[in-house]
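**Student:** Please find one structure pasted underneath; my questions will follow.
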Amino acid sequence: MSPDVQTKKEAYKRGEDQGRADALAGKPYADPPRDGSRGEQDQYANGYDWGYEQGRAQSEQGQPPNGQGQDQKLDLVVWQEGGVEDAPGGLGTTINICVRTPNWSETVDAGEREHVFTAPTGFRWNGTVGAQYKRIDQTTGGNLPPVQATVSDDGRTLTFTYHVHLNTGGEDKDCIVYTCGLEAVDGATTGRHTDGVARIGTAPPAKLKAEVIEDED
């Protein structure tokens with residue numbers, strides 16, 4: 001294993017440990033703290049997000065499940081995985097939007113649900129969306145139908161309908177991850193923006209965050 005890969009793995013583990021500790025201590029979620037060089041920062045943030053969700057799920061263990069009746073089956077946790085950045089006129093980037101049940105192991109088959117994702121200020125969607133399952137051990141599962149998404153005229157709103165199901169069999173374990181194409185718009189002001197929103201049916205919405213950076217060329 002190269003030193004660079006080892007360093008990033010260590011940064012991910014530090015972030016995961018800190019995120020889990022913060023969640024178990026009851027601290028409110030905030031943007032993950034940044035640690036190390038740019039590559040390490042991304043890995044630390046990814047680890048922190050994942051650890052925080054694991055810790056929050058652990059702290060919720062023992063609470064009565066809410067997956068019974070009416071729309072309570074859509075009692076889902078939605079969050080953005082890791083940090084995202086792009087420069088106007090750049091190559092674009094992707095943002096991962098994750099979905100799980102509150103206690104990870106609950107079975108949910110909510111049927112076709114509307115997904116409405118609003119891009120953070122200074123960004124627009126390019127219309128590409130991929131879906132897969134990501135398990136706690138970081139392995140992934142595919143073989144999902146393609147996502148047919150539409151983008152608003154201003155590029156800020158991405159909309160699609162998709163079958164939401166988790167833990168109904170051997171393939172749809174742990175969480176769904178939607179990987180969506182995102183790009184900084186021409187003339188966007190540099191800085192971090194946290195006003196994006198991910199809405200999936202009646203599940204509690206999640207904040208989407210991205211940073212406009214300067215073109216290094």
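The values are calculated or read from the model by the stated rules, or taken from the named source; none is laboratory data. Quantities reported herein were computed from a predicted structural model and do not represent experimental measurements. Positions of Cβ are backbone-derived with ideal geometry, glycine not excepted, and every protein chain shown enters the neighbour counts. All accessible areas refer to the heavy atoms of the entire protein, side chains included, with ligands and DNA or RNA removed. Shrake-Rupley method; radii C 1.70, N 1.55, O 1.52, S 1.80 Å.
**Student:** What is the distance, in nm, between label points placed 7 Å from the Cα along the Cα-to-Cβ direction at T157 and at I213?
**Tutor:** Placing both labels 7 Å along Cα→Cβ, they lie 3.1 nm apart.
**Student:** Further question on the same structure: Pop out the ³J(HN,Hα) list for segment 159-168 in order, Karplus 6.51 cos²θ - 1.76 cosθ + 1.60 with θ = phi - 60°, rounded to Hz; leave Gly and Pro as x.
**Tutor:** 10, 7, 10, 8, 6, 9, 8, 9, 6, 8
**Student:** Next question. Considering only protein heavy atoms, what per residue accessible area in square angstrom results for segment 177-217 with a 1.4 angstrom probe?
**Tutor:** 50
**Student:** Using amide H atoms built in the peptide plane, which far-off residues or other-chain residues are under 5 Å from V84 H to H?
**Tutor:** Result for V84 returns E211.
**Student:** Let me ask something else about it. Hey, what do the phi angles of segment 169-179 turn into as Karplus ³J(HN,Hα) couplings, whole Hz, using 6.51/-1.76/1.60 and θ = phi - 60°, x for Gly and Pro?
**Tutor:** x, x, 9, 9, 8, 6, 8, 8, 10, 9, 9
**Student:** Could you give the dipole magnitude of segment 79-202 about its Cα centre, charging the beta-carbon of Lys and Arg +1 and that of Asp and Glu -1, in debye to the nearest 20?
**Tutor:** 120
**Student:** Still on this model: So for segment 88-217, taking the charge dipole from beta-carbon charges (+1 Lys/Arg, -1 Asp/Glu), which of T107, V129, L182 sits furthest toward the positive end?
**Tutor:** My answer, from the dipole projection, is T107.
**Student:** Then there is this: By how many nm would the segment from K9 to T107 grow when fully extended, if each residue of separation counts as 0.36 nm and the alpha-carbon distance is taken off?
**Tutor:** Result: 32.1 nm gained on full extension.
**Student:** Next question, about the same structure. Out of the total accessible area of segment 100-165 (probe 1.4 Å, heavy atoms of protein only), what percent is carbon and sulfur?
**Tutor:** Carbon plus sulfur share of accessible area: 47 percent.
**Student:** Sticking with this one: Can you compute 3J(HN,Hα) from phi for each residue in segment 151-156, using the Karplus curve 6.51 cos²θ - 1.76 cosθ + 1.60 with θ = phi - 60°, rounded to whole Hz and x for Gly and Pro?
**Tutor:** So the J values, rounded to whole Hz, are 10, 5, 4, 8, x, 7.
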